[in-house]
Each structure stands twice: as C-alpha cells, then as structure tokens.
1. So, restricting to helices (runs of 4 or more DSSP H) that lie completely within segment 530-636, which ones have at least 3 residues that are at pLDDT below 90 and open to solvent by 10 Å² or more (accessible area, probe 1.4 Å)?
2. In segment 316-336, which residue that is modelled with pLDDT of 95 or more and buried (at least 17 other Cβ atoms within 10 Å of the Cβ) is farthest from E355 (Cα to Cα)?
3. Considering only residues that are surrounded by fewer than 18 Cβ atoms within 10 Å (Cβ to Cβ), at pLDDT 80 or above and among the polar types (S, T, N, Q), look in segment 165-196 and name the one that is nearest to Y362 (Cα to Cα).
4. Where the second residue is assigned to a loop (DSSP other than H, G, I, E, B) and open to solvent by less than 60 Å² (accessible area, probe 1.4 Å) and the first is without any contact (Cβ under 8 Å) to a residue 40 or more places away in the chain and lies in segment 306-331, which pairs have Cβ atoms under 6 Å and are six or more apart or on separate chains?
5. Select the helices (runs of 4 or more DSSP H) contained entirely in segment 275-383, then report the ones holding at least 3 residues which are over 30 Å from L201 (Cα atoms).
6. Could you list all residues from segment 46-70 that are open to solvent by less than 10 Å² (accessible area, probe 1.4 Å) and assigned to a helix (DSSP H, G or I)?
7. In segment 372-399, what count of residues is obtained for those that are over 27 Å from the mean Cα position of the chain (by Cα) and open to solvent by less than 60 Å² (accessible area, probe 1.4 Å)?
8. Which of the residues that make up segment 489-506 are in contact with a Lys or Arg (Cβ under 9 Å, 6 or more places away or on another chain) and of a type in the set (D, E, K, R)?
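The values are calculated or read from the model by the stated rules, or taken from the named source; none is laboratory data. Remember, it's a predicted structure, so these values are computed and weren't measured experimentally. Cβ atoms come from the backbone with ideal geometry, glycine included; neighbour counts cover every protein chain shown. Heads up: the accessible areas ignore ligands, DNA and RNA and are worked out on the full protein's heavy atoms, side chains in. Shrake-Rupley method; radii C 1.70, N 1.55, O 1.52, S 1.80 Å.
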Amino acid sequence: MKRKMPFPLSKEKSFYDSLNDWIGDTLYDDLTEKGFECRDEQIYMAFQIEKALKDKKVLFAEAGVGTGKTIAYLLPALAYARYTGKPALISCADETLIDQLVKEDGDIKKISEALGLDIDVRLAKARSQYLCLKRLDEVGNRSNDEYIEVLEDRLPDFVYGSGSLQSIVPYGDRSDYPELSDEEWNTVNFHPIQQCTACDLRNRCGQTIHRNHYRDSLELVICSHDFYMEHIWTKDSRVRQGQLPLLPEASMIVFDEGHLLEYSAQRALTYEVQNSTLLNLLERVMVDGVREDTLQLMERLIDTHEEFFTLLDVYADTTDNERKAIEKAPSLMEIGSEAVKISTALLEEFVFEGELFIIPEYDLKMVEEYLDQYIYSMELFTTKVDVVDWLESPEGETTLVIMPRLVTDILREKLFSSKTPIVFSSATLSIKKDFSYLADGLGIQDFLSFSVDSPFDYEEVMEVFAHNLASKEKANQALELIKDGEQTLILFKSELMMRRFMEQVPVDMKDRISFEGERELSSMIKDFQQKNIQVLCSYHLWEGLDIPQDALTRVIIHDLPFPPKDPLFEARRKHAEDPFKEVDLPFMLLRLRQGAGRLIRTSEDSGTIHLLLDAEEQKMTNEIESIFPVKMKITV
C-alpha cells in the first residue's frame with residue numbers, strides 16, 4: 001500500500017520535476033526555518049541524486065564532511081519509495097552505523113519531526129546479530145556462566161510459553177545486550193550451520209520476527225553492506241528452495257560509506273570450512289542405533305578432515321597476516337580429494353538413516369546441509385585453479401576460506417546490470433577526483449559522479465602532526481600523547497596491531513583506555529561520547545564514527561592503513577600493471593582520509609590529528625600530505 005506523497009503530483013509536471021521542486025523548497029526554506037543549516041553542497045548532492053533516479057543510473061556522490069549527506073539522500077529516497085510503492089534500501093558500512101542512523105538525535109528523527117512526516121524505517125541486520133534459541137539452549141545445558149542465565153531470564157514470555165502468537169514483538173538483537181563481550185555473544189548468536197527451516201522454534205525466533213517486520217516496510221529498510229551482499233549471494237538459491245530473499249525488492253539503493261562495499265562483497269562471496277565444525281556436527285548424529293556402515297564413514301571422515309587441517313597448517317605461510325596463503329602441495333590436494341569422496345558416500349548413507357528416524361530430524365538436516373557445502377567447497381579448493389583461497393583464524397577457529405571468482409564479475413552480473421538507481425555516498429570515493437579505482441573494483445562501467453568539498457574552514461579548526469619515529473617507539477609516543485586526558489580515538493590497521501599496542505599499555509593506564517572487542521561496540525561508542533571513556537582504540541572505526549564537539553578532539557593514526565600482503569589483495573595485484581600505485585596506495589589513502597575525517601564532524605568541532613610514521617611510512621609523506629586540507633607539521 002502506497003503512502004501519501006510528501007508533495008502533490010499533477011498532470012502538468014512529471015514526478016521528477018515535482019521532486020526537484022520539493023527538494024529545493026525543503027532544503028532552502030522548510031528545514032532552514034526549523035534551524036537546519038542551508039548548505040549549497042547538500043542541495044547540489046540532492047539534485048544530483050534526483051537526476052540518478054530519473055536516469056536509473058549508478059551515482060558516485062563524493063561529498064566532504066559536514067555536507068549533510070544523510071539528509072541529501074534521505075529526502076529523494078523517501079519520496080521515491082512512496083512514488084514507486086517499494087521501500088528504498090539504505091546500506092551502511094556495518095551494524096554500528098545502522099544504530100547511529102536511527103538513534104534518537106539522528107537525521108531520520110530530525111527530518112521526521114521538522115517536516116511532520118511519519119517515516120516508516122525498519123532495520124535489517126545480519127543474521128549473526130540475532131540470538132539463536134537453539135544455541136542458547138545448547139550452551140545453557142553445558143555451562144553455568146552467569147551471562148547465559150541473564151539471557152534466558154530476559155527472553156519474552158511468548159518464547160517458551162503457551163500464550164498467543166499475537167503478543168509477539170521483535171527481540172534478540174545484539175544491541176539489546178551491550179554488556180556481553182563479543183566472545184560471549186558469539187556462543188549464542190546465529191551461526192551459518194543452523195537450519196532455520198527445520199527449527200521447531202522458528203515461529204518464536206527473534207531473527208524470524210525481525211525478518212517479518214522489516215519485509216513489510218513501506219519506505220526505508222536499513223541494513224549493513226555485509227548483509228546486503230549476503231542477500232545478493234543467496235537470493236537465487238533461496239527462491240529455488242521456496243524461501244523469500246533476505247531483503248525485499250527495493251526501489252533504489254543507497255550505499256552509505258560506499259567505498260567499503262567491495263570488501264563486504266569479498267566477505268560474503270566466499271565459502272568457509274572450519275576445523276572443528278565438521279567434528280562437532282558429526283558427533284551430534286553419532287547416536288545409538290545408527291548403522292555400522294554410517295558410523296565407519298563418519299570416523300573415516302573425521303580422521304581425514306583432521307589430517308587435512310594438519311597439512312593446511314604445514315603449507316600455510318607463517319606471516320602475521322590475518323589471511324595466510326596456502327601452498328597447493330600434492331599431499332594436501334590428495335587428502336582433500338579423499339575427504340570429498342568420503343563425504344559423498346556419507347551423504348548417501350544418511351538417506352537410509354533418515355528413513356529409520358534414529359537421528360533427530362533437525363540434527364540430520366543440519367549435517368546434510370553442511371556436508372553439501374563442505375563437498376562443494378573442498379572441490380573448489382582441490383580442483384579449481386582460478387579460485388582465491390586462504391587460511392584464517394577468526395575467534396581462534398582455524399578456517400579455510402575459498403572465493404570462487406573475483407567479486408567484480410558477480411557484482412556486475414547480479415547488481416549493476418539492473419535498472420535500479422544506486423547511489424554511493426561517502427566523503428572518500430575518489431583519488432584526486434578520479435573514481436576509476438572504486439568503479440573498477442566493483443565492476444561498474446557506466447556511472448554518474450560528482451565531488452564537492454567540505455564547507456568547513458579546516459585551517460581554523462584542525463592541525464595535523466606527523467611524528468617520524470622508529471616502529472618500536474610508536475606505542476610510547478601514543479601513550480605520551482594521551483597522558484593529558486584529552487578525548488582520543490586511536491586507529492590501527494588491524495586487530496593484531498591493536499593487540500600489540502594493548503600489551504604495552506601500563507597497568508596504571510588501562511582503566512582510561514577501551515579496546516574494540518571488549519564488549520558491544522555501539523555501547524562503547526556511546527560511553528566514549530558521554531566521556532565515560534577517555535581513549536577508544538579500534539581497527540574498524542576508520543569510517544562512520546560521528547562524535548561531535550569536545551567528545552572527540554584528537555585522532556591518532558597508529559599505522560598507515562595499507563592493505564595486507566594476503567591472497568585476496570595479491571589476486572588484485574596480479575591484475576595490475578603497477579600494484580603499489582594501482583592497489584596499495586589508493587586503498588591506504590582512501591582509508592586514511594576516512595580515519596582523519598572522524599575528527600571534524602560539525603562547524604563547532606576542532607582538534608588535532610597525529611600520524612605515527614616509521615621509516616617506511618615516512619617515504620609516503622608527500623602522498624599523505626596531499627589528502628589533508630591543511631599543511632602537515634613534521635616532528636622528529
């Protein structure tokens with residue numbers, strides 16, 4: 001059902017002409033009268049988005065900090081959603097930014113109140129952001145940890161009660177449990193091996209309830225890049241299986257912090273094989289009454305799988321990279337192929353086991369689905385020469401990751417070949433007004449673009465210092481800087497670099513510093529903004545963090561954010577004539593611009609940026625200085 005348009009339509013004017021007039025009246029007059037700043041850059045951006053809607057094009061909208069990008073895309077998105085009867089989809093860099101967009105003092109709330117518009121906005125978070133009742137029950141059966149009891153006590157009555165399903169309300173969002181650490185949350189949240197379609201708690205599951213809620217959105221659906229790419233990757237298979245896609249059909253798409261979409265695509269368009277998952281799943285179906293042939297195959301597969309991962313460790317490189325390259329040694333390929341053969345035979349045996357009803361249906365379904373994916377993944381690894389693969393250990397779990405194709409091919413085919421208007425919004429989409437680095441990485445060949453600068457007078461409000469020092473002196477320099485108690489964000493290029501810094505923090509300073517991962521990130525950001533935290537250390541918050549005025553007055557760049565020398569980026573480097581200039585340097589400069597952009601968010605902000613540069617990083621001084629609007633001061 002369409003909602004009432006925010007402006008009248010007539011036969012004399014097209015929708016786009018009427019939209020153009022409404023945008024001008026709203027930004028020049030209506031919002032200005034309500035205390036909003038009239039910004040030429042914002043108005044220009046909104047008009048360019050209107051043009052992209054009319055032409056059904058991809059638009060790279062690069063607008064500096066302080067432009068008011070969010071309102072510039074919200075107005076046309078809202079009107080277009082009401083005009084088409086399909087919601088506009090806004091995709092953010094991560095889950096933290098979703099919460100910031102819809103917070104009580106956020107832009108959506110502000111324009112809703114200022115214009116008297118009832119805006120229907122709903123959140124569509126990644127599946128890992130929801131509590132899984134099955135996993136909670138399993139962990140509760142084997143653990144007496146206090147956080148499990150707290151989670152169980154806070155479940156709504158309808159979850160295990162016999163009350164009417166009419167009383168169901170959304171629950172179980174990660175942000176509902178800010179006191180849990182990431183490690184604790186990862187024991188009870190949704191995991192990809194869970195089989196929701198076979199779950200007896202599906203109708204009372206928080207994730208299902210949230211899904212049904214946002215699928216009925218009339219105007220705005222907000223998700224993360226990761227979840228949007230999971231939607232793209234699974235859409236066809238879900239439809240074939242008679243399931244709804246993860247997200248509803250959108251009238252238009254806005255990728256806020258759009259320069260990060262490629263990396264979300266890379267994460268989504270992969271297959272994973274964990275060391276322990278197979279063993280844990282097979283143990284679930286080794287129940288009394290299972291046929292001897294099936295048991296023997298399971299035991300053979302466990303032994304072969306463990307031998308495969310032992311060899312993976314042998315043939316993986318020994319660098320500090322999070323993604324470790326793997327040598328395709330013959331012995332490794334042979335044992336991987338053997339695991340495929342045994343898995344295929346085991347799947348055939350499970351057909352007979354299913355007819356005997358010895359193994360619980362949910363457990364059998366979960367193992368069968370996982371084995372299907374396991375076989376496909378291992379065949380890619382052992383038989384394809386054009387895949388990109390690596391070994392990593394997220395949360396300490398050794399994982400083989402396989403990417404069958406570079407994301408440019410899939411994105412061009414499944415996303416950018418449609419006529420859906422798509423807007424990329426960010427302060428950093430180009431290198432010196434050239435958008436080819438981002439466009440090439442995403443597989444976009446036909447697009448509109450523009451770039452407008454920030455309206456702020458940076459000479460008056462910002463100083464940039466480059467500290468030339470040895471690598472081992474970086475931590476001491478950062479610790480010396482934060483002794484004065486100033487509100488400081490310290491950015492690291494990786495979790496490993498942050499943890500190395502953490503190890504060097506003296507005991508008497510630890511109560512003043514918080515590190516990403518200690519608990520839910522958005523709750524840490526809130527405490528930092530309220531000055532309950534003096535120093536926030538992060539490896540993710542290079543973009544999207546919006547903390548104005550004296551709550552953040554200093555940003556320390558601990559390391560230049562160059563991409564790692566891992567298999568994923570090596571695949572891109574192989575396709576470049578000059579890998580450093582075409583891959584490494586543009587990536588670093590874009591991310592550095594984003595990190596520096598955390599400092600000045602409003603016309604009332606001021607502060608300093610400190611770059612800690614070792615000998616290698618000092619060689620890039622000219623390139624680094626070119627991205628800042630003020631002259632950099634060098635200290636030795």
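1. Answer list for segment 530-636: 567-574, 585-596.
2. Of everything passing the filter in segment 316-336, L332 is farthest from E355 (Cα to Cα).
3. Filtering first and then ranking leaves N186.
4. Pairs found: Y315/A329; D317/A325.
5. So the answer is 292-315, 330-356, 361-383.
6. Residues satisfying the conditions are A46, I49, A52, L53.
7. 2
8. Across segment 489-506, the qualifying residue is only K493.
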